[in-house]
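One structure coming up, written as structure tokens, with questions to follow.
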Amino acid sequence: MSEVVRKPTEFRRACEDARAVQRRVGLVPTMGALHEGHFSLIDEARSRADFIALTIFVNPLQFAPGEDLACYPRTFESDLAGCRERGVDLVFAPEPNAMYPPGFQTEVSVKELGKPLEGGFRTSHFDGVTTVVTKLFNLTGPCTAMFGRKDYQQWKILSRMALDLHMPIELVGCPIIREADGLALSSRNRYLSPSERERALGIVSGLRHAYDAWAHGERDPNTLRSLAEEVIRPTFDRLDYVAAADPETLAPSPPSPSRLLIAVAAHLGSTRLIDNLVLGEDPRP
Ligand SMILES: Nc1ncnc2c1ncn2[C@@H]1O[C@H](COP(=O)(O)OP(=O)(O)OP(=O)(O)O)[C@@H](O)[C@H]1O
Ligand SMILES: [Mg+2]
């Protein structure tokens, strides 16, 4: 049975109580509208910890004006059912006012890693993420925290933040869960019309194109990037980027890398999708 708490102080107390009886806390931060990607994080948490806390909070600070904050899918009852089924012990679902009371004015920012890729298009997004995750880490206390590599840059930024600020958190980056046809699961996929859902496969086709070239020995970052882009561009209404980057620094890759991040952000109508692949590491998507 998953207990639900709304107040930050209640959440902190429940995590403290778990640690007091020698349970390792596994934290799964989410914005709700749970899917198999989230459930895989819960499963990973269960394998590493024995008290599983999942947070559901659509964080206003990480949405820019004009983004989809107001219409972001909110499916609390079915999320709760999923949490119960998957063995979540504690669900923390605060109200925005509890997280950002009047007078709130502190932000946490990771400088360089936040600039490329998503940073060029969602300028204040990562400061919103690092700030809310700092708050969640502070409330949870020492724990193992799961993040999906679908949000590859987010995972790298949060890992850097935890290291830089001596946070007592072990961060785990979990593999991308995909639909049978390869589309990366995302809460935002439910915005897609049937024809957009079909066209969304352009991303995974592009990533596969780069993967296959890599498997045949291609190592030039810009060639690999272009191969992905030429498949992706025609099926999308708009591309923010198809980028090739160093998987650790996220800066432009040196020539002939041993691993290469290919990261994509693209629009179908009003829906923005992201995906990525680390060549030389990830399996064929
Ligand atoms: N397909 C996926 N595979 C693995 N992890 C995922 C996947 N989708 C989301 N996650 C992870 O779940 C956590 C919570 O993400 P979030 O609640 O924003 O879900 P989301 O599907 O990314 O939603 P949206 O696309 O609307 O942002 C993040 O660590 C994210 O990386
Ligand atoms: Mg997300």
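A short reminder: the numbers here are calculations on the coordinates, not readings from a lab. Please read all numbers here as calculations on a predicted model, not as lab measurements. Heads up, the Cβs are rebuilt from the backbone with ideal geometry, glycines too, and the neighbour counts pull from every protein chain shown.
To the nearest 10 degrees, how steeply does helix 36-48 sit against the main Cα axis of the chain, on a 0 to 90 scale?
60
Out of residues 5 or more away from residue 24 or on other chains, whose amide H comes under 5 Å of its own, with H placed 1.01 Å from N in the peptide plane?
50, 51
Kindly count the pairs of lysines across the chain whose alpha carbons are less than 27 Å apart, treating pairs on different chains or eight or more residues apart as eligible.
Here the count comes out as 9.
While we're here: Under the rule of -39500 (n - 2.57) per DSSP H run of 4 or more residues, summed and divided by the residues of the chain, what mean residue ellipticity at 222 nm is obtained, to the nearest 500 deg cm²/dmol? Mind showing how you got there, number by number?
Details: 9 runs with 102 residues, N = 285.
It comes out at -11000 deg cm²/dmol, rounded to the nearest 500.
Just to verify a number: FRET efficiency for residue 70 and residue 7, C-beta to C-beta distance, R0 = 35 Å, to 0.05? Provide the component values of the computation, followed by the final result.
Numbers: r = 24 Å, r/R0 = 0.70.
Given R0 = 35 Å and the Cβ-Cβ separation, E is 0.90.
So how much slack lies between residue 43 and residue 256, counting 0.36 nm per residue of separation and subtracting their Cα-Cα distance, in nm?
On the way: separation 213, 0.36 × 213 = 76.68 nm, distance 3.61 nm.
Length gained, residue 43 through residue 256: 73.1 nm.
Let me ask another. If you count, for each residue, the other Cβ atoms within 10 Å and average over each peptide, how do 99-108, 272-281, 5-14, 81-90 line up from highest to lowest?
On the way: 99-108: 10.7, 272-281: 20.5, 5-14: 15.6, 81-90: 18.3.
Put in order of decreasing packing, that is 272-281, 81-90, 5-14, 99-108.
Would you please give the FRET efficiency between residue 181 and residue 36, computed as 1/(1 + (r/R0)^6) with r the Cβ-Cβ distance and R0 = 22 Å, to the nearest 0.05? The partial results should precede the final answer.
Working: r = 14 Å, r/R0 = 0.63.
The formula returns an efficiency of 0.95 here.
Could you work out the relative contact order of the chain? I mean the mean sequence separation of Cα pairs under 8 Å and 6+ apart, divided by the number of residues, in percent.
Details: 508 pairs, mean separation 48.7, N = 285.
Normalised by residue count, the contact order of the chain is 17 percent.
To continue, here is another question. How far is helix 8-20 tilted off the main Cα axis of the chain, in degrees rounded to 10, range 0 to 90?
Orientation of helix 8-20: about 80 degrees from the principal axis.
Only residues of segment 6-24 count here: report those whose backbone N is under 18 Å from the spot 7 Å along Cα→Cβ of residue 166, or say none.
Zone members listed by number: none at all.
Then there's this: What is the helix-to-structure angle for 152-164, meaning the angle in degrees between its Cα long axis and the longest Cα principal axis of the chain, kept from 0 to 90 and rounded to the nearest 10?
50
When all alpha-carbon pairs of segment 187-276 are counted, what percent fall beyond 24 Å? Don't skip to the end; give the middle numbers.
Working: 839 of 4005 pairs.
Roughly 21 percent, once rounded to a whole number.
Can you give the extra length, in nm with one decimal, that the chain gains between residue 237 and residue 193 once fully stretched, where that is 0.36 nm per residue apart less the Cα-Cα distance? Intermediate results must be reported in sequence, preceding the final value.
Values: separation 44, 0.36 × 44 = 15.84 nm, distance 1.36 nm.
Here the segment from residue 237 to residue 193 would lengthen by 14.5 nm.
Check residue 148: other-chain or 5+ apart residues with amide H under 5 Å from its amide H, H built from backbone geometry?
174
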